[in-house]
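> Could you have a look at this structure, given as structure tokens, before my questions?
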């Protein structure tokens, strides 16, 4: 039984200590979270899976780990000082601040992704939206820069001004030449980084979906500007199917929404449901071969990285029918972007929201840093014997948002003995605990035998947990709730036959396996 409530997942995270509010005892700042034991293991496994697939398993991607604090000059060159803004409105009475687009979505029940600040102001005025807290008037929309500002050193002046990075990308551009020369890579090649990012969100919300401190997983993939369609690797994904929503279809929908908003009636909820249904119907399912042949996606390297991540999400267990590719409309494009596609997930309660973005940044960043720093960011290409400024395809996502999405995707309720129990059907690849070891009862030498099995599995490289408290049914339930795929039970037959019972989380099926073959058996299951 699949749950339709995000709140149940958030409650599970708090109760089992996966994720919880930072400094909760003091109730300090919203948008900062800590990961407990199971949550930290899950998050690390997701990040390790990213690193293994997109760095360690490839010859054309190299690694970087950079500082999180950068001088203001970096962010001036990148455009973040002028363009990295959200629309802010403030209550004239209680002074509470809101993101204008979030407030409109909440009050009018419409999607305003990509809508300009001017249009957001029109909607606020047309519908006379007031402060949700005290019902007073709201200020005009102002641009609010999302970067955290600080000073470096003992003197706080203009030369010491620095910012916590809102993305990991700029370090990959600034260090591009150093890394290219050290690695001797030729185009095309990428630089990958996993690290912390900081954004001073006006109104962080939806748990770890939108926080002020988070971990980013990004790749900057550098391609010769004349070879953006020279991507034979894409053929491996030609048969991969994706739900697709183009910018053209969204523009049609937005035109219809403007009309409907002016004719707003008491049937608001029904209208919202109708619009969502229409939007879903307008999605097309296409193969990547069709997407590139029809030029739906601008370049083959852009399509390749969308396909790579979509297939990776499938491996992590995300349901294909819950994923779609959505193209950014013109007004939604970032200042650096020539073309951007999001991979979106259909969340319960929220609907379709961004899981990650893949942007064609062109040569914007390297040219910008070359102009502001006076340094040469071109690369000498052996084949043509010419210097070129590469173009960049950027896959970018947050591991926190992905972890949350995986939890929502995996969360189900099952009925056992007339009682509803929670289960996380996480892929074994990312499960926090890979196997639990239980003695059937806590006596007659069973705990000692169970401890032997526990140590054997740990020595074989598995992350295992030992539990002898409570009934076997309760122990199964505790393991299911944190996503442990296999439970290994030692019973009286184990003492005589030197075997164990393996219980499979998703089916509750059981199988007897010799202890000597247990590690090999589990390794095969994880490979599947």
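The values are calculated or read from the model by the stated rules, or taken from the named source; none is laboratory data. This structure is a prediction, so every number in the text was calculated from the model and none was measured. We place every Cβ from the backbone using ideal geometry, glycine too, and count neighbours over all the protein chains shown.
> Which of the residues spanning segment 483-525 are surrounded by fewer than 17 Cβ atoms within 10 Å (Cβ to Cβ), touching a helix residue (DSSP H, G or I) at 6+ places or on another chain (Cβ under 7 Å) and part of a strand (DSSP E or B)?
513
> Separate question: All but one of (1) assigned by TED's automatic domain parsing to the domain that holds residue 204; (2) in a helix (DSSP H, G or I) hold for residue 156; state the number of the condition that does not hold.
Result: residue 156 fails condition (2) only.
> Output yes when any residue across segment 439-452 is at pLDDT 95 or above and under 30 Å from residue 52 (Cβ atoms), and no when none is.
no
> For residue 426, state whether it is crowded, with 20+ Cβ neighbours inside 10 Å, modelled with pLDDT of 95 or more, outside any helix (DSSP H, G or I) and touching a helix residue (DSSP H, G or I) at 6+ places or on another chain (Cβ under 6 Å). First the steps, then the outcome.
Values: crowded, with 20+ Cβ neighbours inside 10 Å: yes; modelled with pLDDT of 95 or more: yes; outside any helix (DSSP H, G or I): yes; touching a helix residue (DSSP H, G or I) at 6+ places or on another chain (Cβ under 6 Å): yes.
Spelling it out, residue 426 is indeed crowded, with 20+ Cβ neighbours inside 10 Å, modelled with pLDDT of 95 or more, outside any helix (DSSP H, G or I) and touching a helix residue (DSSP H, G or I) at 6+ places or on another chain (Cβ under 6 Å).
> Let me ask something additional. Of the residues that make up segment 168-185, is at least one touching a helix residue (DSSP H, G or I) at 6+ places or on another chain (Cβ under 7 Å), modelled with pLDDT of 95 or more and outside any helix (DSSP H, G or I)?
There is no residue in segment 168-185 that is touching a helix residue (DSSP H, G or I) at 6+ places or on another chain (Cβ under 7 Å), modelled with pLDDT of 95 or more and outside any helix (DSSP H, G or I).
> Just to verify a result, which residue in segment 113-147, among those that are assigned to a loop (DSSP other than H, G, I, E, B), within 32 Å of the chain's Cα centre (by Cα) and in contact (Cβ under 8 Å) with a residue 60 or more places away in the chain, is surrounded by the fewest Cβ atoms within 10 Å (Cβ to Cβ)?
116
> In this structure, is residue 50 more than 30 Å from residue 11 (Cβ to Cβ), part of a helix (DSSP H, G or I) and at pLDDT 95 or above?
Working: more than 30 Å from residue 11 (Cβ to Cβ): no; part of a helix (DSSP H, G or I): yes; at pLDDT 95 or above: yes.
No: the conditions fail for residue 50.
> Just name the residue that is farthest from residue 485 (Cα to Cα) out of those in segment 53-64 that are assigned to a helix (DSSP H, G or I) and in contact (Cβ under 8 Å) with a residue 24 or more places away in the chain.
Step one: filter segment 53-64 for residues assigned to a helix (DSSP H, G or I), giving 53-56.
If we keep only those that are in contact (Cβ under 8 Å) with a residue 24 or more places away in the chain too, we end up with 53-55.
Values: 53: 22, 54: 25, 55: 27 Å.
My answer is 55.
> Identify, please: which residue in segment 435-456 is in contact (Cβ under 8 Å) with a residue 60 or more places away in the chain and buried (at least 22 other Cβ atoms within 10 Å of the Cβ) and is, among those, farthest from residue 510 (Cα to Cα)?
Among those residues, the one meeting the criterion is 453.
> It is to be established whether one or more residues within segment 341-348 are closer than 20 Å to residue 225 by Cα and buried (at least 22 other Cβ atoms within 10 Å of the Cβ). Outline the logic, then answer.
Narrowing segment 341-348 to residues closer than 20 Å to residue 225 by Cα: 341.
Next, only the ones that are buried (at least 22 other Cβ atoms within 10 Å of the Cβ) stay: 341.
Within segment 341-348, one or more residues are closer than 20 Å to residue 225 by Cα and buried (at least 22 other Cβ atoms within 10 Å of the Cβ).
> Select, from 319, 330, 272, the only residue that is farther than 30 Å from residue 174 by Cβ, at pLDDT below 95 and out of contact with any strand residue (DSSP E or B) (no Cβ under 6 Å at 6 or more places or on another chain). Reasoning before the result, please.
Numbers: 319 fails: at pLDDT below 95; 330 fails: farther than 30 Å from residue 174 by Cβ.
The unique qualifying residue is 272.
> Can you tell me which of 264, 289, 277 is over 19 Å from the mean Cα position of the chain (by Cα), assigned to a helix (DSSP H, G or I) and modelled with pLDDT under 95?
Numbers: 264 fails: assigned to a helix (DSSP H, G or I); 289 fails: modelled with pLDDT under 95.
277 is the lone residue from the list that is over 19 Å from the mean Cα position of the chain (by Cα), assigned to a helix (DSSP H, G or I) and modelled with pLDDT under 95.
> May I ask you to verify whether residue 251 is touching a strand residue (DSSP E or B) at 6+ places or on another chain (Cβ under 9 Å), over 30 Å from residue 22 (Cβ atoms), outside the structural domain of residue 327 (by TED's automatic domain parsing) and at pLDDT below 95? Walk me through it before giving the result.
Values: touching a strand residue (DSSP E or B) at 6+ places or on another chain (Cβ under 9 Å): no; over 30 Å from residue 22 (Cβ atoms): yes; outside the structural domain of residue 327 (by TED's automatic domain parsing): yes; at pLDDT below 95: yes.
Considered against the rule, which asks whether it is touching a strand residue (DSSP E or B) at 6+ places or on another chain (Cβ under 9 Å), over 30 Å from residue 22 (Cβ atoms), outside the structural domain of residue 327 (by TED's automatic domain parsing) and at pLDDT below 95, residue 251 comes out as no.
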